[in-house]
Amino acid sequence: MSAEKSALSTPIVIGNWKMYKGISEAESFVKDLLDQLPNPSITVGLAVPFTLIRPVALQLKSSSVLTGAQNMHEASEGAYTGEIAASMIQDAGASFVILGHSERRRYFHETNQQINLKVKKAISSNLYAVLCIGETWDERQEGKTEDVLRKQILEGLEGVDISPYLLVAYEPLWAIGTGVTALPEAIQSVVAFCQSQFIQLFGESGSAIPLLYGGSVKPENCEELLAIPAVSGLLIGGASLTVDSLAKIIEIASVARKSSE
Ligand code: PGA
């Protein structure tokens, strides 16, 4: 097992566009973003619909901003109508992929086992894999948060070797798209728990896995979220759809980085 640290500089700010935007809208978004922030000093990524990977990656070619996908199939290729392989998203220009997002688990019934195969495939293809985990409101109320996360981590990372291509995003489901952000104290204890699981799995080098927080992140709350020890970045849905709010978050995150140096 290698103890290599992620090559991505932190904080890491990833926008998840979900199923929004067509090509011309995406192109004017990227143009405006690059006008405001030509070369962010932190890691910034845009996880876009499959149809936008190519045009967005071409526009971002001379910038440090990364283009990513929001899902992929675990097989190299094959008769899987409607699916898309790691090599295909890479070929189109993606350098990372979000895997096991709660919307994939909930609406498309993705299991930890299937997500585990996708994580392995992404990492072995040298694609950064952002494994999403998180509990529902009911699970939290029933005191099951740690059990749910432990299972998602153990099963999602079963047989995965520690890799600089592995990232994890903690996204409590009740905070996604709801405007309700988890309280920093609650996030702090959960991310500390996740890190302890990584250390159990991978030894001390597990603590180097970048851990992102996601769920109703916006310019107004991103500074306090990034101040939480062990939070190395943010996964942003709604607030990544407008240039101004995403640019504001990137600016705040860049300052957060400078003050921690
Ligand atoms: P949100 O979405 O920022 O709109 O809550 C986050 C996500 O689903 O990744």
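The values are calculated or read from the model by the stated rules, or taken from the named source; none is laboratory data. These numbers were taken from a predicted model, which means no experiment stands behind them. With ideal geometry, Cβ positions are generated from the backbone for all residues, glycine too; neighbour counts draw on all protein chains shown. The protein model used for the area step is the full one, side chains on, heavy atoms only, and it has no ligands, DNA or RNA in it. Shrake-Rupley method; radii C 1.70, N 1.55, O 1.52, S 1.80 Å.
Those strands (runs of 3 or more DSSP E) of region 10-69 in which 1 or more residues are open to solvent by 20 Å² or more (accessible area, probe 1.4 Å) occupy 66-69. Taken over region 209-251, residues that are within 15 Å of the ligand (Cβ to nearest atom) and either aliphatic (A, V, I, L, M) or open to solvent by 30 Å² or more (accessible area, probe 1.4 Å) (or both) amount to 19. The set of residues in region 172-208 that are in contact (Cβ under 8 Å) with a residue 60 or more places away in the chain and within 16 Å of the ligand (Cβ to nearest atom) comprises LEU173, ILE176, GLY177. When each of GLN70, GLN36 is tested for being under 26 Å from LEU201 (Cβ atoms), among the polar types (S, T, N, Q), touching a residue at least 24 places away in the same chain (Cβ under 8 Å) and touching a helix residue (DSSP H, G or I) at 6+ places or on another chain (Cβ under 9 Å), the lone residue that passes is GLN70.
Checked against the criteria, LEU99 counts as at pLDDT 95 or above, within 17 Å of the chain's Cα centre (by Cα) and within 13 Å of the ligand (Cβ to nearest atom). In region 210-227, which residues are among the hydrophobic types (A, V, I, L, M, F, W, C) and within 13 Å of THR10 (Cα to Cα)? Selection gives LEU211, LEU212, LEU226, ALA227.
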